Each structure stands twice: as structure tokens, then as C-alpha cells.
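The values are calculated or read from the model by the stated rules, or taken from the named source; none is laboratory data. As the structure is a prediction and not an experimental result, all values here were calculated from the model. Neighbour counts run over all protein chains shown; Cβ positions are idealised from the backbone, glycine included.
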Amino acid sequence: MTPSLDLTTPAARDALAVRTAVQQKPSLIGLSRAEMAEALVSSGVVPERQAKMRVQQLWHWLYVRGVSDFTHMFNISKDLRAELDRRFAIARPEIVEEQVSNDGTRKWLFRFPPRGAGRPVEIETVYIPEEGRGTLCISSQVGCTLTCSFCHTGTQKLVRNLTAEEILAELMTARDRLGDFPGRDTPDGAIVPAEGRKITNIVMMGMGEPLYNFEEVKKALLIASDGDGLSLSKRRITLSTSGVVPEIARTGAEIGVMLAISLHAVRDDLRDMLVPINKKYPLKELMAACRAYPGLSNARRITFEYVMLKDVNDSLDDARLLVQLLKGIPAKINLIPFNPWPGTNYQCSDWETIERFADFINEAGYASPIRTPRGRDILAACGQLKSESERMRKVDRLALEAMMIAGHGEA
């Protein structure tokens, strides 16, 4: 049986009620240094002459030490810590559930408090431990607008974009749970790294289309790659898009991370069905944007993701067309055995078919690793994520709505 830890407690529900009824304090997480300085000065917490120094202190505590409570910032005066706590928030989201797969993959269900008059929202984040590395799969939206027919997330309507704060909170909370911040007491139940970091790579491949939330994703990834903070190399950050062509060049120029394309088909008619955004940005336009990606080279190849669907896109003719399509693009092709989910009509290609497809691509000069399915038993594998927002029991939804009505004074 797959172990599952439900971290929802009466205390957590009470805290959610309080957060819903009282206007949320602005968070310092997700702000640039300039924005943080402006927030500190405009609130009257810090005089302008001290702003740069205080931002440097806060940046270190938040992103190097990983604190989530102002009282732990020991080189800041007690009075200032109290004032910061009164004015601002740096707390983590609620962890509703943590599941551990038989293969060691971990999936968290995070619940974020309401924004304005909205509802609490939930998203899923996945950690995949591998030999010599650990990858965190991060979500950028609650739900998705793209309705890719083979993807479980695509069956959940878009609720809203995540903020830079919330995107970073996925990374920081995962590091908490994995014992991945230095010099801190290990949280109960966390994995303690024997050496080095547990999270070495992050991929924007969770729920949602990152390039439909460009500005917040950009802010979050620039902070994640900041050398004086979370300090993840941009070579170890990959953003995956289904093909939002106008934002691809901006991704390379303004964020500078590695690019992945959810391709999955090599003919427009089939891709229109599998990845409907293709109707707006067909393959010719998508490939042109890839060829023009800033910084593209053999050392900075584009990854093309290709889910293997039985009798749909897995023939040798498809493989041949794929090689032709990618001609001249420094690339590798990740072949993804389809991961089933409740209600799907697709099946995974036979293993022999996948290997034959991979061999053809390899012989044409492209690396084409077959991705080992991870976390299937807890619906944590590629294409299986779907938050509990739609699956919450009706009584829970009604209770949360009642809290909101009471908190906002609505009839």
C-alpha cells in the first residue's frame, strides 16, 4: 500500500478560517529586491537609508536559511521582527496531503488561502529522486486552459494563475519537507540529505501552461536562480510549454532557462486533436520559434517531449517525420510512456514499439531517452496531476464557502 500522510488537522482548518475572515497580509516572498525595499519603506517599517541593508538580511533569511517565521531572524532586532510580523507574511502554504510512491517519488497537495474574494485553491507538486539528482516538478496554474486530450490536468478547468509567491512556495515548502535548507532543525518526517541538496533541478511541468502566466513565472524563476539566494543554476531549470509561440523568445531572453516543448505529434491534424493550442500556433510557427530560441546551441538543446500513445503517434512513419521536423535544431527527444488516469481512452504504446521508435531516433543522431515512469501509483507521473479542488467533498466546499461569506460579510 502506498503510504499517504494527511496533514489536515482541526488546527489547520481553524487557521484557514482565520485567514479567510481576515484580509491576508502582503507577503515578502516573490518580491524582487527593489519591490521588497519599496514595501519596507512605504509601510514605514524601515527608513529608506536602511532599505538596501535590510533587504539583504531578509533575502538571506528567506532564501538561503529558509525561515518561515520572522522570530528566527536572529540578527534583526526584536522590535523590528515584531513590526515585520505585524505588517508582512512569509508563511508556507498548508500541506493538505503528502503521498510517497513505492519508487520514492513524493507528491504534495498544497492549499493556498483566498486571493481577494476568491476561494482557497489547491495544486500538486511532485519530487522525483534519482541517482545523483532530485527533480521538483512545479505547477504554474490551478487547472489548465489547454485541454490536451491525453493529460489529466487538462480535464480540470483553469481556476487562476499562481503568483510568484505561490510558485516559490512550492519549491521552499518541498525543501522544508526534504530537510534541504542548511542549518535548520529537521522537520518531523522529513528526508535528511546525506550530502548536498536533495532538489538539484526544477521543471515547470506541473499543472498549467507556464507561458500563459509569464510574468509571475519569470519573477519566480529569477528568484530561484538568484546566486545569493536559492541559487539554482539556470542550466538546471527547465520550462515546458505546449507551444505559446509569442512568449518563447521572451523566455530565452528574459529568463534564460532551458526550454522543453510538449510536442506529442508531428502532423498538424493529429496535434490539433492532442494539443489543441496547435490550432492557434501550428507546427511551422512553433518550429520557427524553437530555431530562433536565444542561446540555442548543442550545449543548450531544446527538449521535445513526446508521449507514446498506442496506435496514435507511435509508428515508424511518425518517427521519420519527427526527425525531419527537428532538422537543424539542437535537440533531444524525451519519449514518455503514457501514464493512465481515471477516465482516459488512451493506452500506452507497447514497450517493443517504444524501443523501436527510440532506436530510429537515435540512429538519426538525436538522443531519445525513454523516461522511466515514476509515481504512477500515486498519480504523480507525467500528465497525471490534478488538484483536489474538484475532488473535495461537497461538505468541505460548503464549509469553506460559509467561512468566506462570514469573513467578507456577504449575504
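Here are the numbers for this structure:
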read-out: Count of residues meeting criterion [surrounded by fewer than 16 Cβ atoms within 10 Å (Cβ to Cβ) and in contact with a strand residue (DSSP E or B) (Cβ under 8 Å, 6 or more places away or on another chain)] in segment 59-90; value: 0
read-out: Meets criteria (surrounded by fewer than 22 Cβ atoms within 10 Å (Cβ to Cβ), closer than 25 Å to ARG236 by Cβ and modelled with pLDDT of 80 or more) for THR163; value: yes
read-out: Residue check, MET308 buried (at least 16 other Cβ atoms within 10 Å of the Cβ) and part of a helix (DSSP H, G or I); value: no
read-out: Residue identified as of a type in the set (Ser, Thr, Tyr) and part of a loop (DSSP other than H, G, I, E, B) among THR344, THR353, THR303; value: THR344
read-out: Residue that is surrounded by the fewest Cβ atoms within 10 Å (Cβ to Cβ), among those in segment 91-136 that are more than 15 Å from LYS198 (Cβ to Cβ) and small (Gly, Ala, Ser); value: GLY116
read-out: Any hit, segment 359-378, residues being in contact with an Asp or Glu (Cβ under 9 Å, 6 or more places away or on another chain), at pLDDT 50 or above, acidic (Asp, Glu) and closer than 20 Å to LEU270 by Cβ; value: no
read-out: Count of segment 19-47 residues which are at pLDDT 95 or above, over 16 Å from SER77 (Cβ atoms) and hydrophobic (A, V, I, L, M, F, W, C); value: 8
read-out: Condition broken by GLN50, with the remaining ones in (1) under 26 Å from the mean Cα position of the chain (by Cα); (2) modelled with pLDDT of 95 or more satisfied; value: (1)
read-out: So PHE214, is it at pLDDT 95 or above and of a type in the set (Phe, Trp, Tyr); value: yes
read-out: So THR147, is it on the phi > 0 side of the Ramachandran plot and either at pLDDT below 90 or buried (at least 23 other Cβ atoms within 10 Å of the Cβ) (or both); value: yes
read-out: ASN75 being part of a loop (DSSP other than H, G, I, E, B) and assigned by TED's automatic domain parsing to the domain that holds LEU178; value: no
